[in-house]
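What follows is calculated from the coordinates using simple rules that are stated; it is not laboratory data. Since this is a predicted model, take the numbers as computed values, not measurements. We place every Cβ from the backbone using ideal geometry, glycine too, and count neighbours over all the protein chains shown.
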Amino acid sequence: MKLEIQDLKFKCIIGILKFERKKKQKVIVNISFKYEFKNNNFIDYSKIISYIKKTMKKKKFNLIEDSIMYITKNINKNYKIKNLKLQIIKPNIIQNVKVSLHNK
């Protein structure tokens, strides 16, 4: 099976610029991964969504790279999944452009 979570939107502190450390900004998270579904062994995607939101709000990462590495490491550690792909987008950091980073 392949699970995709698309366009998870919330606000958090992320970035190294002064104004980014003071005011929450909108981020968009996309994540996908494969897992083996058998014997009703399913992935509770609501827990993954909650984990991502809580972690990013609590940690207040300086860099998108740090957030992707931290979240990827912990999701891989806690779930039996393959091919985790994570994208974090900062849609409003620069006018008329979206800035994003992927882990793969």
>> Using helices alone, I'd like the mean residue ellipticity at 222 nm for the chain: each DSSP H run of four-plus residues gives -39500 (n - 2.57), total over residue count, nearest 500.
In response: -10500 deg cm²/dmol
> Out of every Cα-Cα pair in the stretch 62-104, what percent are more than 15 Å apart?
Replying inline: 47 percent
> Which entries in Lys22/Lys80; Lys58/Lys98; Lys38/Lys59 show an alpha-carbon gap greater than 29 Å?
Replying inline: Lys22/Lys80; Lys38/Lys59
> Counting Lys +1, Arg +1, Asp -1, Glu -1, what net charge surrounds Leu63 among other residues with beta carbon under 14 Å of its beta carbon?
Replying inline: +1
> For the chain, what are the per-bin percents of Cα-Cα distances with bins 10 Å wide, up to the bin holding the maximum?
Replying inline: 14, 49, 26, 9, 2, 0
>> If the elastic network links every pair of Cα atoms under 10 Å, which of Ile88, Ile43, Ile64 fluctuates the most in the Gaussian network model of the chain?
In response: Ile43
>> For a quick check: sort Val27, Val97 by the number of other beta carbons within 10 angstrom, fewest at the front.
In response: Val97, Val27
>> Helix 45-59 against the longest principal axis of the chain: what's the angle in degrees, Cα atoms only, rounded to the nearest 10?
In response: 30 degrees
>> Just to be sure I understand: with springs between alpha-carbon atoms less than 10 Å apart, which residue in Lys90, Lys53, Lys82 has the highest mean-square fluctuation in the Gaussian network model of the chain?
In response: Lys82
> Anyone know which of Ile16, Ile94, Ile28 comes out most mobile in the 10 Å Cα GNM of the chain?
Replying inline: Ile94
> To the nearest 10 degrees, how steep is helix 64-78 against the longest Cα principal axis of the chain, on a 0 to 90 scale?
Replying inline: 20 degrees
